[in-house]
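Report on one structure; see the data block that follows.
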Amino acid sequence: MTPPGGAPVRVLLADDQRLVRESLAILLGLLGGIELVASASDGQEAVDLALAHTPDVVLMDLRMPRMDGIAATKMLHERLPGTRVIALTTFADDESVLGALRAGARGYLTKDAGAEDIRSAILAVAAGEATLDPAVQHHVVAAVAAGPAGTGEPGAGPEEDLPDGLTPREAEVLSLIAAGLSNGEIAERLFVSPTTVKSHVNHLFAKASLRDRAQAVAYAYRVGVATPPQP
């Protein structure tokens, strides 16, 4: 599908990881209706290049040096209101989702999104719509329903209730391990890639000093992340 008027959507890409940046640049070059006008390796460079090129859409990584993606998104929202930002990150954690959206991002994609998902998101956001990767939609709903952290209301500050510094996503993965799901099954349940699930598993194992899935199940029962089956 070509954008209305036939003109391609002009895109700026910002990511501090060279391999990711170059891979996405190649991918964007193959997508119809999209023109990559510049690439940046940090948030400050993204702002500078956006001011120079005035792209229609910026694909903005959130974890970058000098200036992170959320700060860069806020600055672009203020200085280039006609340029729309799609936040791009590895994990669909609540804090970064809401931070990016509050800063003015119009969409949010995880880095394992497929080519057609990326293209659809860019065209939709360029047309004035909002778009969220299915992997993060329920996180936004849950975080908004929980209310702002520190309010003392039920659901506020969910991370504070989790043991060993686990994130809500890691706790969710742990509960699914306790339910007997494999990494592949967890990936299907959470709408993410098996690689993303494996990364979450590695992180939670390291934080809780777990050696294997049997220990993980026992740990999940002990800290209340999962409930043992009734005899």
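The values are calculated or read from the model by the stated rules, or taken from the named source; none is laboratory data. What you see is a predicted model; the values in this text were computed from it and never measured. Cβ sites come from the backbone with ideal geometry, for glycine too, and all protein chains shown count toward neighbours. Side chains included, ligands, DNA and RNA excluded: accessible areas come from the protein's heavy atoms. Shrake-Rupley method; radii C 1.70, N 1.55, O 1.52, S 1.80 Å.
Tabulated data for the structure shown
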item	result
Radius 14 Å from Cβ of A127, net charge of other residues (Lys, Arg +1; Asp, Glu -1)	+2
Positive-end residue of P65, H53, A113, charge dipole of the stretch 23-124 with Cβ unit charges	H53
Heavy-atom accessible surface of the stretch 1-50: percent carbon and sulfur, 1.4 Å	56 percent
Relative contact order (%) - criterion: Cα under 8 Å, at least six apart; region: the stretch 1-118	22 percent
Global geometry of the stretch 157-231, whether rounded, prolate or oblate, following the gyration tensor of its Cα atoms and the 1.5 cut on a/c	rounded
Qualifying trypsin sites (Lys or Arg not before Pro) in the stretch 1-56, DSSP loop, other Cβ atoms within 10 Å at most 15	none
The stretch 1-124 - Rg (one decimal) and Dmax (whole number), Cα, Å	12.9, 37
Rounded FRET efficiency, nearest 0.05, which uses the C-beta distance separating L80 from R189 and R0 of 45 Å	0.70
